[in-house]
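Colleague: Starting off with a structure, shown below.
No value in this document is a laboratory result; all are computed from the given coordinates. Computed from a predicted structure; not experimentally measured. Heads up, the Cβs are rebuilt from the backbone with ideal geometry, glycines too, and the neighbour counts pull from every protein chain shown.
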Amino acid sequence: MKFGTFHFPTHYGIDIAELAKALEDRGFESLFVCEHTHIPVSRRTPFPGGGDLPDRYYHTYDPFVGLSFAAAATETLRLGTGICLLPQHDPIVTAKATATLDLLSGGRFEFALGAGWNAEEMENHGVEYHTRFKVMEDKIKAIKALWTEEHAQYHGPFVDFDPVISSPKPAQSPHPPVLFGGETDHTLKRVVQLGDGWFPRAGPKFEPAEGMARLKRIAEEHDRKPSDFTVSVFRAPPDAAALESCREAGIDRVLFDVPDEGRDAVLELLDKYAKLIE
């Protein structure tokens, strides 16, 4: 089982390049960054975690720019979005940004996706809440075409373009891994139909053994093998017993939370995490 981290990169937290280097030096496998393009002032949509929206949600860097700095500071660290709110992104621009990041990092990028929860945020991008999952599916299909085809074209319900040349192409073949966030059977169907991996959140909606059993069942229903897909547990608790349950269930990767704090506090926490995973 691999050990990585997720992080909301902000201007007042540890520098993302320094964080990436510190993770690589301590033997961590990956860094995934969260994103929100913006936060509407209205706050009509309640925070799913309850209470006030944490400050870091307002201040996240652009994930692809931030990960580019992390890539330049490291050599082996896997770099991912965790998660990219794909319905809020232009698919042609996103295909180029992610392909460029994958190429310049030497094939280290992973694309974890989600549809989002903040209705007014996605509305500002012209996306309706009730169609957000359909938009996400349409856009990732278009992006895959742009990643893999020399004269890519795509004609879907939300994305439509005639043959184009999109360059560069990603370093990874056929393309960077596509991971879907969420815990429901609907998510798992997207994983086996459109993805390369599952990106569930640790918590009451995900229990490792039960989750892996559901993945096996749904994969086999679609004539796929569970081993075709990676499983990365987001927000994994830094607890030896919980980590052992993930390992026994066959989880491929767990991701610990790195807070949006200064370098001294973060480096001290990374040292504690490193001792736990030894």
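Colleague: Considering the Cα positions of the chain, please state its Rg to one decimal place and its Dmax as a whole number of Å.
Modeller: So, for the chain, Rg and Dmax equal 18.2, 53 Å respectively.
Colleague: How much length is gained if the chain between Glu75 and Asp52 is pulled fully straight, taking 0.36 nm per residue apart and subtracting their Cα-Cα distance, in nm to one decimal?
Modeller: Extra length available between Glu75 and Asp52 comes to 4.5 nm.
Colleague: Which whole-number percent is the relative contact order of the chain (Cα, under 8 Å, 6+ apart)?
Modeller: Normalised by residue count, the contact order of the chain is 21 percent.
Colleague: Follow-up. Would you please calculate the Kirkwood hydrodynamic radius of the range 125-177 over all C-alpha pairs and express it in Å, rounded to one decimal?
Modeller: Taking the inverse mean of 1/r over all distinct Cα pairs, the range 125-177 comes out at 12.0 Å.
Colleague: So which helices of the chain fit the span-like rule, where a helix is a whole DSSP H run, its Cα atoms reach 15 Å or more along the axis, and its mean Kyte-Doolittle is at least -1.0?
Modeller: Correct list, ordered by number: 91-104, 132-148, 208-221, 263-277.
Colleague: Based on the alpha-carbon gyration tensor of the range 204-278, what equivalent-ellipsoid semi-axes (square roots of 5 times the eigenvalues) come out, in whole Å, largest first?
Modeller: Here the semi-axes work out to 30, 12, 10 Å.
Colleague: Now for a different question. Does the range 20-127 classify as rounded, prolate or oblate by the C-alpha gyration tensor (a ≥ b ≥ c root eigenvalues; a/c under 1.5 gives rounded; else a/b over b/c gives prolate, otherwise oblate)?
Modeller: oblate
Colleague: What ranking do Ser245, Ser105, Ser166 get, fewest neighbouring Cβ atoms within 10 angstrom at the top?
Modeller: Ser245, Ser166, Ser105
Colleague: If you take the C-alpha gyration tensor of the range 45-99, multiply each eigenvalue by 5 and take the square root, what semi-axes do you get, largest first, in whole Å?
Modeller: Result for the range 45-99: semi-axes of 25, 16, 9 Å.
Colleague: Turning to a different aspect of this structure: How big is the shadow of the Cα convex hull of the range 125-278, averaged over all directions, in nm²?
Modeller: So the Cα hull casts an average projection of 12.3 nm².
Colleague: Here is the link list: Lys189/Lys216; Lys21/Lys96; Lys2/Lys141; Lys205/Lys275; Lys96/Lys139; Lys2/Lys205. Which ones come out longer than 20 Å on Cα distance?
Modeller: Pairs exceeding 20 Å: Lys21/Lys96; Lys2/Lys141; Lys205/Lys275; Lys2/Lys205.
Colleague: Rounded, prolate or oblate: which fits the range 84-207, taking a ≥ b ≥ c as square roots of the Cα gyration tensor eigenvalues, rounded meaning a/c under 1.5, else prolate when a/b beats b/c?
Modeller: Cα axes put the range 84-207 in the oblate bin.
Colleague: Among Asn124, Gly181, Leu77, flag the residue with its Cα farthest along the positive direction of the charge dipole of the range 2-277, charges on Cβ as +1 for Lys/Arg and -1 for Asp/Glu.
Modeller: The residue sitting most towards the positive pole is Gly181.
Colleague: Something else: As a check on your grasp of the helix formula, calculate [θ] at 222 nm for the chain: sum -39500 (n - 2.57) over DSSP H runs of n ≥ 4, divide by the residue count, round to the nearest 500.
Modeller: Taking each H run of at least 4 residues, the total per residue is -11500 deg cm²/dmol.
Colleague: Sticking with this one: For the chain, what is the charge dipole size about the Cα centre, in debye to the nearest 20, if Lys and Arg each add +1 at the Cβ and Asp and Glu each add -1 at the Cβ?
Modeller: Charge dipole of the chain: 440 debye, to the nearest 20.
Colleague: For labels at Ala213 and Ala119 in the simple 7 Å Cα→Cβ model, what's the distance in nm?
Modeller: 3.6 nm
Colleague: Still on this model: Would you pull out the residues with amide H under 5 Å of Phe6's amide H, same chain only if 5 or more places away, H placed 1.01 Å from N?
Modeller: Phe32, Phe256, Asp257, Val258
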